[in-house]
Amino acid sequence: MAPYIGAESASMLDHLGVKTTILEATGELMPGADPDLRTYLTRCLGRRVDLICDALVTGITQGAGGLRLSYRRDGQDLTLEADAVLMATGRESVRPEGIGATGLSGSGAIMVDTTMGSAIDHVYAPGDINGRSMLFHSAVRQSMVAAHNILAGGQPVDRMNFHGVPYTVFTEPEIAWVGIDQPAALAAGLPVATTRYDYLTDSRAQIYGETDGFIKLVFDTSNGVLLGAQIAGLDAAQVIAPLALAVHAGTTATTLTEMVFPHPMITEGINKAARQFRP
């Protein structure tokens, strides 16, 4: 989900005084993320930068005054002049030269299980090379899992929980998520209920004057276990951390309801959102 890099860069450059334009091929920013997060970021960032959605870039050429971007939108061929262009259309796993000597054939991402082991018993592939969770903090944990299993002589003494890896987008405002969202859960046939806490009534958000945001929690209705969380707005990248721990540990709505969070912090919203859960 590398398009987040473009959104982050546009947000940063805008604050540095650079006139910035985002050309997004889909109808909203962050395709693949929770629909409410996509709509929120598109709306908020669109207030600050020139955001052109449904724009398919067809070429970049050197023009008289700089770079010229050609793109197609609503059946029209259009152009845009720019001093610099950042392409953030995605990333691919790249295998190191000579890896075929290990017995692994093919190209692209190396398939691994939760032990970080590949199809070859003695070959482990943690990090971006497996393409499962291309984030620094995820790669650190994956490397530890691989190291533990290697030192155990190949025994599966440790496993990676990809479901509990938090994703953060450091735009202003921020968005973050962990686990599964409601549309994905329903598509998978999981019995879920979603609760929501809006920043409008939050003390910390009111203090900072940033009341446009929310916390959403996705619970399994059969046992009350937290399956996922989505956050938009102030402190999102911080608040997702305890929720990632909760998802990893299989924490229930009851536990989150009974947990006392400090005041005045956004984390109070976790408690208040959990109280709304009804199986």
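The values are calculated or read from the model by the stated rules, or taken from the named source; none is laboratory data. Small disclaimer: the values here were computed from a predicted structure and weren't measured. For neighbour counting, all protein chains shown are included, and Cβ atoms are generated from backbone atoms with ideal geometry for every residue, glycine included. Each accessible area value is taken on the protein alone, full model and side chains, heavy atoms only, with ligands, DNA and RNA left out. Shrake-Rupley method; radii C 1.70, N 1.55, O 1.52, S 1.80 Å.
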For the range 63-79, name all the residues that are open to solvent by 50 Å² or more (accessible area, probe 1.4 Å) and either of a type in the set (D, E, K, R) or within 15 Å of Thr21 (Cα to Cα) (or both).
Arg68, Arg72, Arg73, Asp74, Asp77, Leu78, Thr79
Checked the range 244-257 for anything part of a helix (DSSP H, G or I) and more than 14 Å from the chain's Cα centre (by Cα); matches are Leu245, Ala246, Val247, His248, Ala249, Ala253, Thr254, Thr255, Leu256, Thr257
Give just the number: which of (1) buried (at least 19 other Cβ atoms within 10 Å of the Cβ); (2) more than 25 Å from the chain's Cα centre (by Cα) does Arg132 not satisfy?
(2)
Scanning the range 183-240 residue by residue, the ones that are open to solvent by 10 Å² or more (accessible area, probe 1.4 Å), in a strand (DSSP E or B) and under 23 Å from Phe162 (Cβ atoms) total 6
Within the group Arg68, Arg72, which residue is among the charged types (D, E, K, R), more than 25 Å from Tyr167 (Cα to Cα) and in contact with a Leu (Cβ under 6 Å, 6 or more places away or on another chain)?
Arg72
Is there any pair with a first residue in the range 145-158 that is free of Cβ contacts under 8 Å to residues at least 60 places away in the same chain and a second that is hydrophobic (A, V, I, L, M, F, W, C) and open to solvent by 80 Å² or more (accessible area, probe 1.4 Å) whose Cβ atoms are under 8 Å apart and which are 6 or more apart or on different chains, and what are they?
His148/Val157; Asn149/Val157; Asp158/Met144
Ser93 vs (1) touching a Pro at 6+ places or on another chain (Cβ under 6 Å); (2) assigned to a loop (DSSP other than H, G, I, E, B): all pass except (1)
